[in-house]
Structures are given as structure tokens and as C-alpha cells.
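Only the coordinates and a few stated rules stand behind these numbers; no lab work does. Remember, predicted model here, so these are calculated numbers, not experimental data. Note that each Cβ is placed from the backbone with ideal geometry, even for glycine, and that neighbours are counted across all protein chains shown.
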Amino acid sequence: MSWITPIPTARCHGADEPTRTVVSNLPYEDQRPRNQPNRRYAGNAVKTNKYTLWSFLPINLCEQFRRLANIYFVGIAALNFIPEVNAFQPQVALIPICVILTLTAIKDAWEDFRRYQSDRELNGTPCLVYSRSQHGFVERRWKDIQVGDFVQVLANDIIPADILLLHASDPNGVCHMETANLDGETNLKQRRVVSSFCAVKSPFDPLSFNATVICEKPNNNLNHFKGFLEKDQIKIGFGIESLLLRGCTVRNTAAASGIVVYAGHDTKSMLNNNRPRYKRSRVESKMNKEVLCCVFLLFCMCLIGAVGDVPIYFIPDSDGNETPSVVAGVYRFLTMIILLQVIIPISLYLSIELVKMGQVFFITQDIDLYDKEKDMRMQCRALNITEDLGQIQYVFSDKTGTLTENKMVFRRCTIMGTEYPHTENGESGKWNGVELAWKPSVSARRHTGMLWCIKHGLLLSHSLEVIPDQNLLWSVKEVERRGVAGHWGLQGATHLEFFLALAICNTVVVSTETAQRQRVRDPVQSTLYDIPTSSSSVVSEDEVQGTPCKGHTRRRQTWTASSLAGPKEVHYEAQSPDEAALVHAAKAYGFTLLERTPSHVSVRLPSGTTLTYEVLDVLTFDSVRSRMSIIVRHPHTKEIILYTKGADSGIMERLQNSFEDRSQMKSESRVIANKTQKHLDMYANDGLRTLCFTRKVVSEKNYYDWLVLRQGAMAAIDRKDELVRKTAADMETNLTLLGATGIEDRLQENVPETIQALREAGIQVCVLTGDKLETAVNIAYSCKLLDQQDLVFTFNTENTVQIQLSFPQLLHSVHGCRGIHCNPVFSSTCPATAQALVGLVIDGRTLGLLLDSDLQEGFVQLCTHCRAILCCRTTPLQKSRVVTLLRSKLGVMTLAIGDGANDVNMIQAADVGVGISGQEGMQAVMASDFAISRFKHLKKLLLVHGHWCYNRLANMIIYFFYKNVAYVNLLFWYQFFCGFSGTAMIDYWFMIFFNLFFTSAPPIMFGIMDREVSAAVLLQLPELYRRGQHEGGYRRSTFWIAIADAFYQSLVCFFVPYWTYKGSDIDIFTLGTPMNTASLFTIIFHLAIEIKSWTVVHWVIMVGSVVVYFVVTLAFCAMCVSCNPPSDPYWTMQEQMSDPMFYLVCILTTVVALLPRLRFPLADRYISQFLSKPSEMSCLPRLGELVALVSLGETYFQNTFVFRRFKLLTK
Amino acid sequence: MMASSYNAKEEDGHHSGSVGPGGPGTGKSKKPDNTAFKQQRLPAWQPILTAGTVLPAFFAIGLIFIPIGIGLFVTSNNIREFELDYTGVEMSSPCFNCSQTYSWNNSCRCSVPFTLEQPFESNVFMYYGLSNFYQNHRRYVKSRDDSQLNGDKRFLTNPSKECEPYRMNDKMPIAPCGAIANSLFNDTLELYYVYPNGTKTAIHLVKTDIAWWTDKHVKFRNPAGNNDNLTITFQETTNPINWHKPVYELDPTEPDNNGFINEDFIVWMRTAALPTFRKLHRIIQKKDSLTPTLPPGNYTLDIAYNYPVRSFDGRKRMILSTISWMGGKNPFLGIAYITVGSVCFFLGVVLLVIHHKYGNRSSNAEIPN
């Protein structure tokens, strides 16, 4: 035990130390915690709840008081405790803040309790930990695990901590892991035992583990991990491929063991576990300015109160002296603040949260945004930016998987310069796609059957079926017939090598039936049980007849048959869909990938012989190299062969130019390369994704020389990525071109329509893709992003000066275009079509220049004048920089939509990030604010829900301001008649109730449920969306009109009762009662006029509010004899309600207060009639909706274009 | 009032029928319920403010409001009301001398003659009115103790702090405490009818039933105990500083009208909403149906002038008024109703003309299309 040195402990608490050192805990098992070497690392117990029972109150209060609004409120309440300035009973003044704090605290406590429960469940989960005393793995709880413990995870168990894999039951030292819990990806990931531990000691003995693990500090990068084992001065490197991640599930492996390196909160999954993001929406930040206006208003009102002065008689100050007038003025000022505090709508923040919760509920409930195939609803991950959806001006979209299906189909290939078009394949594929897209539910059984298939990722395998090209198949067969396996002639060999490369050069995992069965057992069983009448035989029969999903059928049959016969079928689990497509293509030609382990890969040839290659190394894919390679040893020839595949840009320049020094061959290879390049260009023009395949034979010496460098790079901690990449590039030289493939990625359904609609809605659509230029342009044409008549500018240069010179010219020509086409005939449609004429296509290299240099301004300007912007070959970082640039320079509202990990940056940079849960895992969804499953859903999400949410919220906020100002002013006017003393003619309880019960529900309901225009009209008239972009619903003028209206209404509500009761024997609260009641009616009816469509809910809440008002007021007036000294409203309401004057006053007040509101819509209507042709309005069938449209305001209807469309629509 | 268009929308062709009930997997499906509520397709009534709906509304308001207004106006005009300012600001006023002293109990008496031109037929209510008296000032309003007034023994001897500085006097608790009670209106008004021959006859002024029934019986109560002998009940307290008699001797004639339930006191304690106000003081009951309650003629108001108002430029008035179902005389509401009704009617006519003119033109224009 030479370990007992202070060094490890000294290392681990050095905070600057870039690494973490872990040693085995077993030698210290019996010692006190003080002596444990790993004691400073976090244990495995997780605690995500913020509070404990005792700390809840102080911590929660602290958190709540971080909000400025709450501090303001408490300050007001505290002021009330100063006798000189208090306006109410001090205790009573505490009620509003207490209510708000309590509601928020209850909400927080509930959420926290839920977290606590799930934590407790998680911490209590059993697991197996090695114990020295018992010489074996014993059952413990998750929370007992420490860093340095040895843990064993059995098949289908969830991994309790981040474990460095040291042993697996698989003889190859491989362990499979499903990361669905972590990133939603359903494919299995392979993990390997740290190289030197590989399968040597068959029963794993942790006691003999005497190395030190040195690895990096805990971080949240799920795809990156590095470190080494140090033992007797020998360093053995390992990476992410040896780390089992907490939260994942072990599959296909009976048992896996290892040492815990990160536990609890240090694990990668916990570090990735972000809370929902808090984004501040634009309306809200604008609203804050309005709140400041209210503060200013309050200040003015209080100042008037402070200056206005009426001396008080009969009541000297307590000490008998008179307060100096300045001090008295300050007191009055403070008193007025207390009295009029409601003008600052504190409850608005709470109401907005509630409204957004309701809006989110309705968005997620929308059946049109539900995807049957994936059984997924729309998800709202950010809860507080729903209304931003209604203001989007720029949409940045990824291409692959967003505009397209990302369901790859092998379409064409070229081998040795010969092109094989695979015509039938394309057609059948199309048919398949049509079947999928358009006839998803012929019958319930078929639908759900398919659903089941897709759920388990099996659709992939069936839709990837490839019908071989007859010519190619023939020539492959011919070649193979001629040669004995493994000894083909050089000429024919290329065909075989090409398919071998297809089958081998990838990271596709083969899962056998037995392994698969464990995984899907539960769903299968439950499906069986769910069918009430059928036994399993009925089901399988039924499946054979009816289900279009071949994979499913076959699977189900094998599932029943596999108990009799051995497993025949293989299933591929690929991390990217194009790899799966290639493997399936190879299979169609008879080259079946049978098995893949880290050490070997087996392929069955068309003749039936199986070749098992020893895998020497895999140079994994990265976006810098844009290629991947595999180094294998041929089983018969023992040659070391390197297969490389990649994008043509990454391959073509690395081709071997001298073909064994024979000029003839050299030229031949050149010809082939040229032909292939031509074919590649053709593929790209067809919108296919292209990949080149190459081969290279490596001599033993070269390989071993390289291996030394490689191992050094792998063990490096600093600059490891760079070194690894460099060594890979060193190997991938002098390649021999085998051929290339073209894979089709179909457009998703309704993409052109969606883009068209977004564009009509005034949204600029930009596509940022990593694909090559030709492919991207092609897709852009097919999805109507670019039109054939468009003028397309393509930037594909690295010359800064050139760009600089071309900019003014470009801008000029853009303007010129507009001038030409802006003729008088089409003047009304000019703004829409003029921008349609210019498309901008930018290559990644050029984009880098545009973003970096001082060309930014010109670029941004150009962007504003283009209808379509297409950026190709962009890196994730560039994507996000484009978004950030346009967002900050133009100040526009941006939305980014994407499906892959490469879109995460962009999604996070945009105001609104939308993730598509597609084939490429869930990273984009995890980073997004909203997650949808199809691109077409964006249309309804923006045009309908965005529009609704924005209008609802804007109207609700405006109404809220109005409501508070109207009510508070009532109190303010009274100050002129009570010597500015701060008397309220309404009992303070009623003032609280007024905001809390009587008028709180209607605006919230209004914000959640109002519907100006129906979804159908919004979808048919995307132009209506433009209103939100220009903040039509919520602008400064609207706010001030509402405030002016509030002033008018409060004047009416005050002075009508005032003049009625002036000079009479009325007392304070009896005067306040009709004012309060009239004010309630005015506020409720004002909302009633604002509400555009009344449903049952509206009626219930509106009528309910009035009923509640009367019931509560009567009850309070009857019961409160002296409950609220010194002011109590005993019997005032009853007294008033028995007086007919009360009703007459209330009716008159309400009518007078609302007369302008009644007149405004009418006037609007006449104004808009004069503006437009009135004839078009009077003849429309859906009059109701049209009038609602009219009341939306002038913005739409000054544009006669909309009118024309509407006319067409309604005819 | 408003046209309605029920549009229970039929646009949703996709009913849940496409997914068969009971099919495998439906139980677990996350498919949202296709209900009208969740899909925001609840049948909605969309009120439309068009000329066709708002115009009748205007006319209706006009037609309903104008008669109400006329009714109110006529009623208000039928109410007899007489006001007499007896502050004594002018030198010529009989109360000028009395008004010169700023004291609460100067026991100065004056009498003001006045003439009623018209008879007061029904019950006549006698009010006293004060001007520029901010009885609604916050510090004044809160200077009372409702618990004490409600007969709570604890607060009788230990009044609320709100009553300061009228809470204790010479270490004795004040009952009733506070500034409101302290400033109780304490003029005595007596009304005499002067026959043409010069003899005066006192008019009987009823001093009960002038406060709210609930105030008298629920809100204000004397402290429990020996109700017959309020002297003992209030023995540990002292009277407010400005009073010259204790609370249990407010009404020497009526034993049940003493203590906190003295109706003059209750009326005073219901603080007025506006700085110019009147308070019901006495009621003159109609004797029989033949003679008016107050016939036209000469009267004299005898005043025990105690209440000082000159310090805050206030005025004191005596008001005689009959009342109707709408209370005292107030022409405002009637005029307001008539005005609003007329304005609505006028607007309706104007809009009708506009609508007629332009509405017709637009429909004519539609025909050639």
C-alpha cells in the first residue's frame, strides 16, 4: 500500500489543479472519514431542492425580495407603520404583500417538494458497490456511493454515477449504453473498457486495482472526457468511450463494473441539468417602461397632494405643536404614495405569469401541433416568451432535418467513374415517402401499428430498403464469381471494395435479436395486452395483412419465431441517418454488416462467406476534417487497410496523385477523379448529399510509426483534440478513390407552403446550413425559398477587397430591381414582390469574412433588402454569429429553428429558439424554448398562437394599466375634497378585494382565452401577422390612450356621484359605495367591450365577478361592526341598495363612462370604410370576423392588398 | 343591443375518429384531447359593434334616460327646501355677537326670524349644515374608537391610541374618546311659528329616529352593566374636553337617548363625506292630513350658539326640507339623465344619417359588381 502518501489529498483540494485524482477507496474502507483520500469530492447523493423545512422561509423570502417590485411593496407597507404618514391600519397594509408573497411561496414550495421527492426516490435507488470486508458487490443506495468506489451495473439498470469502465461481462470489454434519459437519443452507444484492462482478468477484482485515475475536472460536456490511468509510471489514456454516464441505462451487457470518478452533482448529467431558461420577453421589458410612466404619474399625483394643503382643526398634534409645513408636506407625500400605490401594478407580474401558463397550456394542447408518428406534443420549454412568437421578423432555419426529413435514402452511386442511377430505387422511395406522409392513418390499427414502429426507431430500417441497380448488381456478382473471396483482381475489386467500405467505414452498431428483445419487451407486451380480443397469434396475423411497416412485421414475426430458430436478422443502430442508409445500401448488394465490436467487424459477402476484419483504429468524424476513417487488417491478406469516407472537400485534395509511379495509371486515376467530381456536382444539383469513399493500403512500418504518435496524442491532456486531429490527418493521405454516393434527403411535407406563409406574414426566412452550396441552393429552390425568377447573388470568395468593391454595386442593383418592378399597376403588392427578387447565397468562407471584418454593415444592409438568405458550409459558431449580428444591428426579433447539435448555438442566440425533435437526437430540443416535431408546425405556432398570445397579452397588459389607473384616480379625485389628507372613501378591505377578487379573474381569462380572429382566418391571411411585428398591439400610444380613458372614466365615476350627493348628509363610505360599484361596472363592461368573442367561460367569469362583488360586499358590510377600526363600512351597502338613487347613479355613471368606448369602434368602422371600398365589407358572409378585423386597427386595412385577398377568400 | 353571430366552427373536419377507440397505444398516447375547450373552439358569441346594432342602442338609451331624467327633475322640484345661514358673519345678523367668541360653551343665545313662502306638506326634516368643515380629514376620521362605542368594556377605560390626543384627560379615560366626539355639534335649535298677531308657538321637534336603525341598535351600544344608571357605568371615565356635560347626560329628557346611543351623537359620528355637509337634526312630524306641517308664514329660529366655526371660516346653516323617494332636493341627477339621453339620441340621429347616406351608397355601388 504505497499509496498512503499525502500527495493525492494535497492534489485534490488545490482548486487551480486542472485535473482530478481518484484512487481506490477499498484500502481505506475501515478508516475514519478524515483519512479517506477522496473525501473532498462530492458524494453521490443529489439535492436539487433549494430549501429544507427550516430554511424555506428565510431563503424563499430572500429570493422573493430580489424582485424590485416586492421590495417596493414592502417599503410601502413599512411606511404605513409610521404614525405620521400612515393611510391605513398598518396591519391591513400588509395584506397585499402577504398575499403575493404567500402565493409565490406556495408555488415555490410545491415545486421544491416535487424535486425533493424525486431526489429522495433517486437517492434511495439500490445499486451494487464492492465491499472489501465481504469480498463482493453488496447492495447499497445511490446516495452511499463515493468517488473511488467500485460499482457494478447490471443489464437494464440505470447507472448511478459517472463510472470509468474497467470491466464488462462482454468478452471484448464492450458495454452498451442507452442515453435516452440524457439526450433523448435512442440509439445505443458503445463503451469500452480502458484499454489495458480489456478482458484480461476475467472475474474483475477491484482489490487488485492499484492505479491512480487522473482525469479532468467535472464539466458538462457530454461528448468529451479525457484522462489517464497512472500505474508504475505508465500512463494509459482513456476518453469518453470508457465513461459510463449517470442516468443512462446499460443495455445488451450482463454486467459492467468500474470506478466512480464523478458522483452526485459533479456528474455530467447533473451538470447538464439546467433549469428552464428565463428569458425576458420584449413586451415585458417594454412594459417596464410603462411601469416607470406609472411611477412618474404617481409622483405627480403625490406632489399635488403634498402641495395642496388644508389646515386641520379640532385635532392638534399629539405634542400640541404644529408640524412645520415642509415636514407636513413630506408626510402628505408619503401618505399619498401609500394611498395611491396600486397605480403601480404589482399584481400585473403575477397575472402575466398566470396568463402565460394558460397560454402555454393551450399551445401544448393544440392537436394540430401534435405529431402522430412520434407521438409528441408541442413542448414549451420556456414559459415566459409566448408572446414573442407573435413578433418574429427573421426566421433562421437549419436545412437538414428541419426543412428536410433527415430520413436518408440511398439514391445513386458512382464507382470508378461509372454512374449507377438506381432509378427504381428513387421511385419506390418516393412512394414510400408518400405513403408515410399522406396516408398515415388508413385505419386505426395500421396507424397505431406504425406509431409503434416509429416509436422504437424501426421505421428507419424499413424505409431504408434499397432496390439494387440491376447493372451494378450484375457487375458485382460477376466480379465476385470470377474471384475467390479476398483475392479479387485489381480491376473488379474496386466495386467490392466500394461496398466493403460502405459496410465497414462507419460507427453503426449491430444489435442482434436477443439483445433487441430485452430492450423492447415491455412495449411489446403492453401492446398485446391492450388489445382486448386478441391473442398473440391474432396480432401477428393482423400485422402481416395490414401493417405497412415492414420492419415492424418482420420484427414481430421474428419475435415469435426466434424462440424456435436462431436469430437471422440484424438491426442497425446508427448515430446519423446517412450511415444507416449506406449500411443498408451495402446490404442490398449482399454486403451485410454482421457484427461490430471495438476489435473486429464482420461482413457477410454476397457469396455467403463472412469476412472478419480486425479493427486497428477508428478515426472518428469531426467537422473540421469532415471525414472519418477506419483502419482494419484484412483477414486473409493481412494487409492493413484504411477506409476513409467524407465530404468531397475533405477527400479530393488528399487523393493519391501518383498511382504507383505509372503515368498511365496516374492519368487514369485523374480521369476517374474528374468523372467522379462531375457526378458529385450532378448529385449536388439534384439536392443529394454526397460522400466520397477511398481506400488505402498502409504498410506495417508506417502504421506502427504512426501508432506511436497516435497513442501519445490520445494520452495527452492539453491540446488533445488538436493532436488527435493532426495524427488522423497524417494518416489520411494518398487515398485511392473508390467512388461516391448520393443520398437523398426529402423535404418535409408542406415546407414550401410554410415558407410561403411565413413570407406573406412579413417574416424574412434565412437558411443556415452546413451542407455544400449546390445542395443547399437546390433545396432552397425546391422549398420555394428561392424562386426561379429571383436574382440570386452568390458569394463564394475569400477576397475581402472583392467583396468590399461589390457591395455598393449590389446594393444599387437591389434598389434598381425594386424600382423597375414597382410600376403603378402592382403598386399595392410592390413591397411584397420587390424583395422577392433578390436572393443571397453565401459560402461559409465568405461568411467568415463578412462577420469578422468591417463588412458587417454592408452585409446587414444587404440582408434587409433580400428576400432570401442562404448560408452554406457554416459552422455552428457562424450560425449563431449571423443570428446575433442581425439581431443586434437591426434590432429585430429573431427565431432560430433547428434539429441537431450544430444548431444549438444558433437556437440559444436567437430571441426565440425552436427545436425540432428529429433524427439527430434531442440536443436542439434541450436548448430550445419551444419544441415541435415538424417544420410545418411553425406556421400555426407563429401565425395563430404567436398572434393570439401577443395580442392577448398586449391587450391584457394595457387593460391592467387602465384598470389600476382608473381605480386609483377615483381615490385621487377625492383628495381634492378631503384636504389632501389621504382619506379613502372606500374601505381598505374593499380596495384589496377589488383587486384580489372582483377584477382579477376577468383580465386573466381575457389574456388566456380571447380570440380576435379565428385560427382559420389567421392561417389564410398571414398578412395579419404583420401587426405584431410592428408592435401593433402594444405601443406607447395605445398605452396613453388607455391611460387617458382611465382618467376620463375615473372622473365620471367620481363626479357623477359627487354631484348627486353634494351637500347632502351622506357619510364617507356611503358615498364611496356607489363610486366603487360604478367603477366596478365600468371596468367590467370596459373589458366586455374589449372581448372579441364570448364563450361560456367568459360569461361565467364576468357574471361571476359581479355576483362575487355584491355577495362579498353585502356579507362584509353585514358582519363587520367594528372589525376594522377606526373605519368600518357597517351596513353601508345595505343602506345604499335599499335606495333607488343608488341604482340610478350607477347606471348613469356606467353609461357615461363607457360612451366613448362604444363610439370608438363605430368611428373606427366608418373611418376604415372611408379609407377602403366599403362595398367589399358589406357583402361578406363572415361579417362578425371582418368587423373584428376592422377593430384590430388601421394597420391591416390601409393595405388594400389584404382586402383583395380577403375578398377572394370569402367568395 | 348587439347583433350576434354564433359560429360554432365546423372547420374541424378531423375528428378523433381517425384514431380508433381502444386501439393499441391510445391509452398511452400523448395526443391532446380534441375537445372544443382545449382546441380553443368553444362556441363563441362575437358581439359586433356595427351601425345596425349600436344605433338602436343609442336610441334605446335616449328613450329610457329622458323619461327617467324628467321624472327625477320633477320629483326634485316638488321638494320644498329652506336654508337659513345663522353663522352671524355680517354685522346685521342677530348672531353676530355670539359668533365673535371662539368658545365651545359661551351660552350665547340669538334668534333669527325667517319666512316660509310656501307650505311644507309632508314630514319636514330639520338639518344643520356646516361648510368648510373637513370632517373627512384622515386624521380626524380615524380619531375614534369603534370598539368603545360598541360598548366594549375594555376599551371604555382604555381607549384606542387612535384617539390621541383626546384619549385621556387628567389620567381619566375619555368616553367617548377622539376628535370626532370632542367636536360634537352642540348648538341647540328651537323653532317657533310666529302667528300674524305676534304670538310665538314652539314647533315640536322629534329627536329620535334620526340615526340609522343599525347604528342605534347594533353599532353603538352603551357598555354592558347597569343600563338604568349610566352614571355608574361611566364613572371611571371623563367627558370630552369640549363637552360641558358627560355623555350620559346628553339628553336630559329621554333616558334611553343617553350614553353612546344618543342619536345626535350617532349622527355626528357618521362622518360626512364632503367638507360641506348637512346632518339630520330633528324631524317635524305631520299632524294631520288637512294642515300642512309647516304652513307659510313667519318663523323664528332660537339658537343656543355654542359651536365655533369662524376659526376655520366655516358656516352654520339650518335647513328645513321635505323628502321624497329620492331623498332631498337635488336637480343634478335629473338634468344629467336628460342630457345624456338627449346626447345619445342626437348621436343616434347623426349616425343614422351617416349610415343611411353612406350605407346606401355602398350597397348601390355593390350592385354593378
Considering every pair of different Cα atoms, what Kirkwood radius, in Å, is found for the stretch B:81-322?
19.0
Proximal charge balance of B:Trp45 [Cβ under 12 Å; K/R count +1, D/E count -1]
+2
Sort B:237-250, B:131-144 by the packing proxy (mean of other Cβ within 10 Å over each peptide's residues), most packed first.
B:131-144, B:237-250
Treating only the Cβ of Lys, Arg, Asp and Glu as charged (+1, +1, -1, -1), what charge dipole size does the stretch B:284-327 show about its Cα centre? Round to the nearest 20 debye.
100
In order through the stretch B:216-224: 3J(HN,Hα) via Karplus (6.51 cos²θ - 1.76 cosθ + 1.60), integer Hz, x for Gly, Pro
5, 9, 10, 6, 9, 9, 6, x, 4
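Among A:31-39, A:1033-1041, A:729-737, how do they line up from the highest to the lowest mean number of other beta-carbon atoms within 10 Å?
In decreasing order of mean packing, A:31-39, A:1033-1041, A:729-737 become A:729-737, A:1033-1041, A:31-39.
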Check A:Glu216: other-chain or 5+ apart residues with amide H under 5 Å from its amide H, H built from backbone geometry?
A:Arg20, A:Lys226
Give me the inter-chain shielding for A:146-156: mean count of other chain Cβ atoms within 10 Å, whole number please.
0
Straight-line reach from A:Lys50: which lysines have Cα under 25 Å away, leaving out those fewer than 8 places along the same chain?
A:Lys107, A:Lys143, A:Lys217, A:Lys268, A:Lys279, A:Lys356
Explain nothing, just compute: Karplus ³J(HN,Hα) = 6.51 cos²θ - 1.76 cosθ + 1.60, θ = phi - 60°, for every residue of the stretch A:686-698 in order, whole Hz, x for Gly and Pro.
7, x, 8, 8, 10, 9, 9, 10, 9, 9, 7, 9, 10
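Please list the equivalent ellipsoid semi-axes of the stretch A:16-100, computed as the square roots of five times the alpha-carbon gyration tensor eigenvalues, in descending order and whole angstrom.
52, 14, 11
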Listed by chain and number, the lysines with an alpha carbon less than 20 angstrom from that of B:Lys207, same-chain partners under 8 positions apart left out, are B:Lys216, B:Lys219, B:Lys245, B:Lys279, B:Lys286, B:Lys287, B:Lys316
Under a Cβ-Cβ cut-off of 11 Å, what is the net charge of the residues other than A:Phe56 that fall near it, where Lys and Arg count +1 and Asp and Glu count -1?
-2
Computed over chain B: longest principal axis from alpha-carbon atoms vs helix B:331-354 long axis, angle to nearest 10 degrees, is 20
Among the lysines, which fall within straight-line cross-link reach of A:Lys678, defined as a Cα-Cα distance under 28 Å, with same-chain neighbours fewer than 8 residues apart omitted?
A:Lys399, A:Lys407, A:Lys430, A:Lys477, A:Lys587, A:Lys645, A:Lys666, A:Lys696, A:Lys772, A:Lys784
Place +1 on the Cβ of every Lys and Arg and -1 on the Cβ of every Asp and Glu in chain B, take the dipole about the Cα centre, and give the residue among B:Thr53, B:Ser147, B:Tyr307 whose Cα lies farthest towards its positive end.
B:Thr53
Could you work out the mean count of beta carbons from other protein chains within 10 Å of each residue's beta carbon in B:129-138?
6
How many Cβ atoms of partner chains, on average, are near each residue of B:312-319 if near means within 10 Å of its Cβ?
1
In debye, nearest 20, what is the charge dipole magnitude of the stretch B:81-322 about its Cα centre with +1 on Lys and Arg Cβ and -1 on Asp and Glu Cβ, if you could check?
600
So if we plug the beta-carbon distance of A:Asp205 and A:Trp110 into 1/(1 + (r/R0)^6) with R0 = 56 Å, what FRET efficiency do we get, rounded to 0.05?
0.70
So how tilted is helix B:51-78 from the main axis of chain B? Cα-based, degrees 0 to 90, rounded to 10.
10
Could you give each residue of the stretch A:393-400 its phi-based ³J(HN,Hα) in whole Hz, using Karplus coefficients 6.51, -1.76, 1.60 with θ = phi - 60°, and x for Gly or Pro?
10, 10, 10, 9, 10, 7, 9, 5
